[in-house]
1. Scan Glu428, Glu381, Glu390 and give me the residue that is surrounded by 24 or more Cβ atoms within 10 Å (Cβ to Cβ) and within 30 Å of His361 (Cα to Cα).
2. Of the residues in segment 839-863, how many are on the phi < 0 side of the Ramachandran plot, assigned to a loop (DSSP other than H, G, I, E, B) and surrounded by fewer than 20 Cβ atoms within 10 Å (Cβ to Cβ)?
3. Within segment 498-525, track down each residue that is closer than 20 Å to Arg373 by Cβ and acidic (Asp, Glu).
4. Condition test on Ile441, is it touching a residue at least 24 places away in the same chain (Cβ under 8 Å), open to solvent by 10 Å² or more (accessible area, probe 1.4 Å) and of a type outside the set (D, E, K, R)?
5. Within segment 246-265, work out how many residues are open to solvent by less than 60 Å² (accessible area, probe 1.4 Å) and not β-branched (Val, Ile, Thr).
6. For segment 683-698, how many residues meet the condition of being over 16 Å from Lys168 (Cα atoms), modelled with pLDDT of 90 or more and surrounded by 12 or more Cβ atoms within 10 Å (Cβ to Cβ)?
7. Given the conditions (1) touching a helix residue (DSSP H, G or I) at 6+ places or on another chain (Cβ under 9 Å); (2) in contact (Cβ under 8 Å) with a residue 60 or more places away in the chain; (3) part of a strand (DSSP E or B), report the number of the one that Ile220 does not fulfil.
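The values are calculated or read from the model by the stated rules, or taken from the named source; none is laboratory data. Note that the structure is predicted; figures quoted are calculated from it, not measured. Cβ: placed from backbone, ideal geometry, glycine included. Neighbour counts: every protein chain shown. Surface areas here come from the heavy atoms of the whole protein model, side chains and all, with no ligands, DNA or RNA. Shrake-Rupley method; radii C 1.70, N 1.55, O 1.52, S 1.80 Å.
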Amino acid sequence: MKYRWSYLWVVTVFLMSCSQGNKELSKSETSGVAMKWELLSNFTDSGYTARIRLINKNDQALTDKNWKIFFSIAPSPVIPTEKPQPASLEHINGDWFRLLPNTGFALAKGDSVDIEYKATGYVIKNTDQPLGIYIVFYDDKGNEERIEEINDYTLIPFTRKEQLLRGKGDMELPASPEKTYRENASLSLLPASQLLPIIPSPVHFEKQKGEYALTSTAVISFPKELSDEVAILAGRLKEISGQLFTLKAEENAEDGIMISIDSNAVKEKRPEGYRLLISDKGVRITGYDAAGAFYGIQSLLSLIPSGVYSGNADIHLPYIMVDDAPRFRFRSLHVDVSRNFQTKENIFRILDVLAKYKINHMLLYTSEDEGWRVEIPGLPELTEVGAHREHVSGKEAAALHPAYGSGPFASEKGKYGSGYYTRNDFIEILKYAKQRHINIIPELNFPGHARAAIKSMEARYQRLMKEGKEKEANEYRLVDPEDKSVYMSAQMYTDNVVDVTRESAYHFYFKVVDEFEKMYKDAGLPMPVFHAGGDEVADGAWSKSPNALALMAKHPEIKNPKNLQAYFFRRLVDEMAKRKIEVHGWEEVALMKDEAGKTVPNPEFAGKHVVPYIWNNMFDYPDLGYKLANEGYNIVLCNVSNFYFDLAYNNDPAEPGLYWAGFIDTKNAWAFAPYNMFNTTLTSSMGAPLDWDKSSSPWEQLKPEARKNVIGLEAQLWSETIKGRDMIEYYMLPKLIGFAESAWSPERKWETESNHVLRLKEIDAGWNRFANTIAQKELPSLAKMNNGYSYRVPPAGAIIENGMVKANVALPGISIHFSTNESEPTLDSPVYEAPVPATSTIRFKTFDAAGRSGRTITVQGSTQKLN
């Protein structure tokens, strides 16, 4: 990976100095200005109201001309306040905002001032607050003089109902220990004998009498073509037990672990299928193919008792017979490294946990508005400019401005706006994934969400024009300077759409595709799939583009500027077909505008190696996925109500994440019926109960003959609020475990239960067993693997009834410790086993078997609050 940004600093300083007399800005990581931010209310008629307090600790007075404060905040349009304010909040682009002094503003040393502002929407999370805050000082001529980070910052906690809920229409209850307790009420602790033996659950599992003791004297025998798979097994066994096992290729071990490939010897005769036998003769894993043998290894590892992970037991494996194969051939996790970067080593860790749970694809999202993350030979600006974010003098600069709290300095430690994978890094990722039977899907999002590419190519254009190379400068240019279209994307960008009428846009796209293909070839792999993005092209794009209007006049069948996306996609699909590459994209790639301007399915690409990924199952098109499958499209279900892992676990302000489509926990990812998804979409985005059985809307059901067109499932990790390794693992785990069960395991009885009440009852019973297994088996395993993952340990729920405090937890098997003297509970504190008298302040804290803890909750008298 690369983290240096010397080129970007040169470009940015050059752009600034063009208008500032060649004066380089001074910079400081601390400021004498302090700031406090407080949400006042989400219950206004038009959105939310917040207050900023500025405290000047500098010797220099703040005037109405010599400063502006910049920061990132959850993007929503700013609206006028009823009363004049000393300063005004102004949207620049995306989530980048600035606070401007109004005429007459003055703040002397030691003074403070309050500034209120209003914006549409609502904010309920600590992750919604201003981030990456800095102040820019200006000289008498209005030129930028110096930048200082504002580190003296305070968030006023969210405590009131109007701060905890998403407006008056929010049907969720405010976050509280009592709410959590009631949500956990149906769960109960199960003994080890009732836990699931393997996750994801296999097609057939039969336990027999007896145990096999696996010791280091056991030999692991295998054919040479399984060397990579066996090396991973041996490494995991050493990590778990501390013991080295003998490996013998091309031999059949009489006692020990024997791994082989024989498609005729497995019951489930499908790709990725396997048979696992454990008896007095040892362990026998037979794969339908190499992937099947690898997944048999994962099931073997899953059978290791949790006590072994703490070093308290030898490895004793039950005699069993497992026949297994996946329900879906496509099981994927999308990982966005563009909004906030993740290192190559972090990706390796994610790939390891995907392999553990038999996930066989990763959509590695390396291009977005906010960043370009893979080195492309011949286009150095993509990473020299597009892989770094820092302060610029305006959004027009050929560079990337701050976003998602990345702050003013590209080099700042602990920020994630900068970084990219070198060509060799990406090849290493491909090889690492392939060893684990995971296919990396490359991505280039066009024609929207393309700001990083656009700005990089503008920097290239400017460089080559200065060199007098006009033809080369235009070769990969992505915008038309004469386009006067006005639009705003879903993330509030006004400059992120490519001009699809320019041949240079296609030159760029296929240049990038060619370079990705070369990387795959150098990794010894084909590149059969490419993800084209294609989502959220803003209305209004191309509407005032001379090029676009001319093209539409030439091709009246286009009818609507919005359909220029289909025009682009048609050319893309045709060219990819020549390369034998299947094109994946978000659901918009299979949509178009009809004559009335309504969005409708576009049948043009059905059966043409185009695979839409369907996320929208809650809003205007809840049946879109089934419509497209019924029309002949192969689809991937990515339902936002179940698989968007970047959505917060719940509405507690301290629980990080987004919530525009509601809240997603591990149960949501587990309780999913792919062929009857209405049965498992239980609440609206605002928490209202949904009972599709009683719905009068004529939503289209999936036809039996179209089931084959649902090729698989994908979970999403968009990274707007994810900063670094610990956060991405927290968002991912344990949600991924529930997703794996939905993607791999056979259909569960409740998926087809027609009675709503019975269906929910069966879901709860199944979830209780799954939740117990996560707590008692999976978390201890993840705590040991790769020196431990930063999975989420849920906090306790608590309620006062009849003068007694009761507590519980979302994953039974996690222990609850408490204190009654206002001290922080530890593992040495008493374990909660029965209700405690509510006579004092009581603090509860959850701990898993590895000693990982959840957040502390405090119960005081008849009131309860989260700490």
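1. Being surrounded by 24 or more Cβ atoms within 10 Å (Cβ to Cβ) and within 30 Å of His361 (Cα to Cα) holds for just one of Glu428, Glu381, Glu390, which is Glu381.
2. Number of matching residues: 9.
3. Answer for segment 498-525, where residues must be closer than 20 Å to Arg373 by Cβ and acidic (Asp, Glu): Asp514, Glu515, Glu517, Asp522.
4. no
5. Count: 7.
6. Total meeting the criteria: 1.
7. (2)
Residue-wise test of (1) more than 25 Å from Ile722 (Cα to Cα); (2) within 21 Å of the chain's Cα centre (by Cα); (3) not basic (Lys, Arg).
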position	(1), (2), (3)
Ala399	no, no, yes
Lys413	no, no, no
Asn424	yes, no, yes
Glu428	no, no, yes
Ala452	no, yes, yes
Ala459	yes, no, yes
Met465	yes, no, yes
Asn474	yes, no, yes
Val479	yes, no, yes
